[in-house]
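Please read the structure below before turning to the comments.
The values are calculated or read from the model by the stated rules, or taken from the named source; none is laboratory data. Just so we're clear, the structure is a prediction, and the values are computed from it rather than from any experiment. Ideal geometry is used to build each Cβ from the backbone, glycine not excepted, and the neighbour counts take in all protein chains shown. When the accessible area is computed, the model is the full protein with side chains, heavy atoms only, and any ligands, DNA or RNA have been set aside. Shrake-Rupley method; radii C 1.70, N 1.55, O 1.52, S 1.80 Å.
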Amino acid sequence: MQIQVKCTCGEGNCPEWAIVELQGTVEAQPSFQNSLQNLQIGILCRQSQESHTFSVGYHELTGTKVKLKKPMLVLKKIKLQNEEEIGETEINSLRVELDVIGIIRHKILFKTRPKALISKPQLAVKEKVTPPSSTVPN
């Protein structure tokens with residue numbers, strides 16, 4: 001089977017994507033198990049050109065931008081049906097093309113343990129109350 005790869009965004013104009021690499025696992029709560037599509041798990045912020053932070057719940061991870069040895073393509077599979085072959089079986093009548101929708105040249109690597117964002121509650125500073133001076137009768 002021959003699969004054609006085409007780029008509709010033009011040479012050198014493909015959007016840049018990045019991979020987020022985490023050490024460990026990210027587990028969803030049982031109430032979200034069936035609806036993970038478009039689920040926001042955290043906030044990714046760029047601190048500088050090479051440094052990033054990723055906040056997930058009450059945890060903050062610090063990572064760095066790393067260049068990949070070989071770039072990767074982000075592809076979208078398009079199934080095309082030939083009008084001439086409608087009478088034949090479905091397997092033979094479908095053609096497949098891959099459309100390039102992005103290119104990945106970097107990954108953001110989070111390889112350290114997360115830092116907890118919860119801090120100790122601060123104790124309120126109480127003012128010293130001076131008791132009223134008692135008067136002793138003479």
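If R0 is 25 Å, the Cβ-Cβ spacing of residue 16 and residue 118 corresponds to a FRET efficiency of close to 0.10. Computed over protein heavy atoms with a 1.4 angstrom probe, the accessible surface ordering of 27, 50, 60, largest first, is 27, 50, 60. Each residue of segment 103-111 is assigned a 3J(HN,Hα), and the resulting list reads 9, 10, 10, 9, 10, 9, 9, 10, 10 Hz, derived from the Karplus form 6.51 cos²θ - 1.76 cosθ + 1.60 (θ = phi - 60°), x at Gly and Pro. Treating only the Cα positions of segment 1-76 as identical point scatterers, give the base-10 log of I(q)/I(0) from the Debye formula at each q in 0.12, 0.26 Å⁻¹. Once normalised to I(0) and log-transformed, intensities are -0.56, -1.30. In this structure, the amide hydrogen of residue 101, modeled 1.01 Å from its nitrogen in the peptide plane, lies closer than 5 angstrom to those of 74, 75, 76, counting only residues at least 5 positions away or on a different chain.
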